[in-house]
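Only one structure is covered here, and it is reproduced in the block below.
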Amino acid sequence: MPCGFATGSYLQIETWEDAEDDYLASLVSHHMLLNSEEEENQIWCPICKQGELMENQRNIHCNMCEMQLNKGDEVNLKILQERLAEANAEHLERGCRLKPKFSVQSQYNLKALYITCDACNTFEVVV
């Protein structure tokens, strides 16, 4: 009978470990979900890559550097986030693997955020 007892204990330990693994996995999954929801709301500054972009009624600005764009009626943080993703994707689709640079420039009396890359000669308006 000691053999049966050992097997039973082994099954209990295995079951307990499985339950603990499942519990820990659910905690990790929940934590990752919470973090991804928080990160969706955060847009990092494409210029300094340290600050977070914020918006008010008149502009979008970085909380760490001088980056500032006038919002207008058409632009908000969500649209800016989508355009940044599109601009990066288009740059990669051209086959260039270097990191592009972003800058706010005034050209033709229009202040805009631009994506540039010297390696592939990219120069486009993001917003």
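The values are calculated or read from the model by the stated rules, or taken from the named source; none is laboratory data. Please read these numbers as outputs of a predicted model, since none were measured by experiment. Every residue, glycine among them, receives a Cβ derived from its backbone with ideal geometry; neighbour counts consider all protein chains shown.
Starting from residues that are of a type in the set (Gly, Ala, Ser) and part of a strand (DSSP E or B), keep the ones in segment 90-119 and report whichever is farthest from Gln50 (Cα to Cα). It would help to see each step written out before you state the result.
Restricting attention to segment 90-119, the residues satisfying the condition of being of a type in the set (Gly, Ala, Ser) are 95, 103, 106, 112, 119.
Restricting the remaining residues to those that are part of a strand (DSSP E or B) gives 103, 106, 112.
On the way: Ser103: 15, Ser106: 23, Ala112: 20 Å.
The residue in question is Ser106.
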Looking only at segment 43-63, and only at residues there that are in a loop (DSSP other than H, G, I, E, B) and more than 17 Å from the chain's Cα centre (by Cα), the one that is surrounded by the most Cβ atoms within 10 Å (Cβ to Cβ): Arg58
Top-ranked residue of segment 95-104 - restricted to ones that are surrounded by fewer than 13 Cβ atoms within 10 Å (Cβ to Cβ) and either among the aliphatic types (A, V, I, L, M) or more than 21 Å from the chain's Cα centre (by Cα) (or both), ranked as farthest from Ile43 (Cα to Cα): Gly95
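Scanning segment 71-91 for residues that are loosely packed, with under 15 Cβ neighbours inside 10 Å and at pLDDT 90 or above, which turns out nearest to Asn56 (Cα to Cα)? Step through it out loud before you land on a result.
First, pick out the residues of segment 71-91 that are loosely packed, with under 15 Cβ neighbours inside 10 Å: 72-74, 76, 78-79, 82, 85-86, 89-90.
Imposing the further condition that a residue be at pLDDT 90 or above reduces the set to 76, 78-79, 82, 85-86, 89-90.
Numbers: Asn76: 9, Lys78: 13, Ile79: 14, Glu82: 18, Ala85: 22, Glu86: 24, Ala89: 28, Glu90: 29 Å.
Within segment 71-91, the match that is nearest to Asn56 (Cα to Cα) is Asn76.
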